[in-house]
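The structure appears below as structure tokens.
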Amino acid sequence: MLLSFTLDELKKTPPAPLFPNAEGTCVVIGNFDGVHLGHQALFRHAQGFGLPVVAVTFDPHPREVLTNSAPPRLLDTEDRLALLTEAGAEHTLLLTFTRELAALSPESFVKNILVERLAMKHLVIGYDFKLGKGRSGDAGKLREMGGSLGFKVDQLQCLTDAGGNVISSTNIRECLLKGDVAMAAKLLGRVHTVRGVVIHGQHIGHKLGFPTANLDPNLPGMEAIGLALPGVYATRALLPAPGQPLPAPRLHTLPAGPLPDGAEVFPAVTNIGCKPTFGCTTLSVETHIPGLDRDLYGQPMALSFIHRLRGEQKFASLDDLKKQIRLDLEQAVKLSS
């Protein structure tokens, strides 16, 4: 069950559990951008208490409200909520983040929201978690409050991959900014994916013999494309059955081939950049799906990034460009099939 509230709306509700259960709940709280392996570990731990697991998260991202330096999100809100459910959240409380919410003391937030509204008996938090005004509600303070309010706190240690890399949203963004989509996938637990709608482009690819499906980088679901280092990528394109919406995002990577619901995943090659050979200056996201002869305009498409093949470059002639596209396509199909 998903419930969404502003702080004003929550104040108007009776101080009774939003998700009634005689035994109480286990709460996992955070921004959960990416719902990466570290986030998933929190939910696995929470499921061990035998209580309904409630995810508490925020929209917009707190940094969008409190600073002017919020990075593009790894996931839009809709996809984040879907992945939280798959990760183990039986219920989700989505709070509209405002300066008023940020100004709440840890005591007020915990007592009035987590304890009274969620009947919290256990709280599971990450290694760097803090809440409340000035981020003053650290693990020690939360445990102190738990002694008087009747809940226990488990703080998980920092999770790293086999190479010792910290699994965090920040590190995943840094990987994408460097074009290291393979490392991003290791930290996410799945291939990094954006979801958009196919739009009309300049039809340059069609004229070259490599028609492309273009995604608008400014539409919802495409925020994370702003993290991608321009260049050419081996990708997988997920297309739903005709007339159907995209399947919900998953916590694992979908293989190439047909899916049970009629959707299909295709090996593809994608260029992110401004097409310098043609003197363009606007960012575009263009994907060629070999062997697909179908009108995709206005259709939803998910695009997963398998490997960065090369940087974007300006070619001396169209023949040189077409030759390189053929090489890119051959390599991309091998990597993404």
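The values are calculated or read from the model by the stated rules, or taken from the named source; none is laboratory data. Predicted model only: the values in this text are computed from it and were never measured. Because the Cβ atoms are built from the backbone with ideal geometry, glycine has one as well, and the counts that use them run over all protein chains shown.
So which of 296, 329, 292 ends up being assigned by TED's automatic domain parsing to the domain that holds residue 191, more than 16 Å from residue 192 (Cα to Cα), assigned to a loop (DSSP other than H, G, I, E, B) and touching a Phe, Trp or Tyr at 6+ places or on another chain (Cβ under 8 Å)?
On the way: 296 fails: touching a Phe, Trp or Tyr at 6+ places or on another chain (Cβ under 8 Å); 329 fails: assigned to a loop (DSSP other than H, G, I, E, B).
The conditions single out 292.
May I ask you to verify whether residue 169 is over 25 Å from residue 1 (Cα atoms) and assigned by TED's automatic domain parsing to the domain that holds residue 8? Spell out how you get there, then give the answer.
Details: over 25 Å from residue 1 (Cα atoms): yes; assigned by TED's automatic domain parsing to the domain that holds residue 8: no.
Here the answer is no, as residue 169 does not meet what is asked.
So for segment 297-314 (the condition being among the aliphatic types (A, V, I, L, M) and over 30 Å from residue 88 (Cα atoms)), does at least one residue qualify? Explain how you work it out, then say what you get.
Quick first cut of segment 297-314, residues among the aliphatic types (A, V, I, L, M) only: 301-303, 306, 309.
Next cut, over 30 Å from residue 88 (Cα atoms) only: 309.
Yes, that holds for at least one residue.
Taking segment 300-326 only, how many residues are in a strand (DSSP E or B) and either touching a Lys or Arg at 6+ places or on another chain (Cβ under 8 Å) or of a type in the set (S, T, N, Q) (or both)? So that I can check it myself, show each step before the final result.
We begin by selecting, within segment 300-326, every residue in a strand (DSSP E or B); these are 300-310.
In the following step, the residues that additionally are either touching a Lys or Arg at 6+ places or on another chain (Cβ under 8 Å) or of a type in the set (S, T, N, Q) (or both) were identified as 300-304, 306.
Going through segment 300-326 one residue at a time, the tally reaches 6.
Taking segment 121-160, which residues are crowded, with 16+ Cβ neighbours inside 10 Å and in contact with a Ser or Thr (Cβ under 6 Å, 6 or more places away or on another chain)?
132
Only residues that are loosely packed, with under 15 Cβ neighbours inside 10 Å and either touching a Pro at 6+ places or on another chain (Cβ under 9 Å) or outside the structural domain of residue 222 (by TED's automatic domain parsing) (or both): list them for segment 183-203, please.
First, the residues of segment 183-203 that are loosely packed, with under 15 Cβ neighbours inside 10 Å: 200, 203.
If the condition is that a residue be loosely packed, with under 15 Cβ neighbours inside 10 Å and either touching a Pro at 6+ places or on another chain (Cβ under 9 Å) or outside the structural domain of residue 222 (by TED's automatic domain parsing) (or both), then 203 is the only one that fits.
Conditions: (1) in a strand (DSSP E or B); (2) in the same structural domain as residue 325 (by TED's automatic domain parsing). Residue 211 meets all but one. Number of the miss?
For residue 211, the failing item is (1).
Among the residues of segment 224-272, which ones are surrounded by 20 or more Cβ atoms within 10 Å (Cβ to Cβ), small (Gly, Ala, Ser) and not in a loop (DSSP other than H, G, I, E, B)?
Selection gives 224, 234, 237, 268.
Among the listed residues 66, 37, identify the single one that is hydrophobic (A, V, I, L, M, F, W, C) and crowded, with 16+ Cβ neighbours inside 10 Å. Before the answer, list the steps.
On the way: 66 fails: crowded, with 16+ Cβ neighbours inside 10 Å.
It is 37.
Go through (1) under 18 Å from residue 306 (Cα atoms); (2) out of contact with any His (no Cβ under 6 Å at 6 or more places or on another chain) one by one and return the number of the condition residue 190 breaks.
Only one criterion is unmet by residue 190, namely (2).
Could you list, in sequence order, all residues of segment 134-168 that are closer than 17 Å to residue 29 by Cα and charged (D, E, K, R)?
Residues satisfying the conditions are 135, 138, 141, 143, 152, 154.
Starting from segment 62-73, take each residue that is in contact (Cβ under 8 Å) with a residue 60 or more places away in the chain and more than 17 Å from residue 6 (Cβ to Cβ) and list its partners that are part of a helix (DSSP H, G or I) and of a type in the set (Gly, Ala, Ser), counting only C-beta distances under 7 angstrom and pairs at least six apart or across chains.
What qualifies is 72/224; 72/226; 73/224.
Mind counting the residues in segment 281-313 that are within 21 Å of residue 328 (Cα to Cα) and either over 27 Å from the mean Cα position of the chain (by Cα) or free of Cβ contacts under 8 Å to residues at least 60 places away in the same chain (or both)?
Qualifying residue count, segment 281-313: 5.
Going through 37, 2, 74 one at a time, which residue ends up being touching a helix residue (DSSP H, G or I) at 6+ places or on another chain (Cβ under 8 Å) and more than 26 Å from residue 171 (Cα to Cα)?
Values: 37 fails: more than 26 Å from residue 171 (Cα to Cα); 74 fails: more than 26 Å from residue 171 (Cα to Cα).
Just a single option satisfies the conditions, and that option is 2.
Residue under question is residue 110, and the condition is that it be aliphatic (A, V, I, L, M), crowded, with 22+ Cβ neighbours inside 10 Å, in contact with a His (Cβ under 8 Å, 6 or more places away or on another chain) and more than 25 Å from residue 177 (Cβ to Cβ); does it hold?
On the way: aliphatic (A, V, I, L, M): yes; crowded, with 22+ Cβ neighbours inside 10 Å: yes; in contact with a His (Cβ under 8 Å, 6 or more places away or on another chain): no; more than 25 Å from residue 177 (Cβ to Cβ): yes.
Criteria not met by residue 110.
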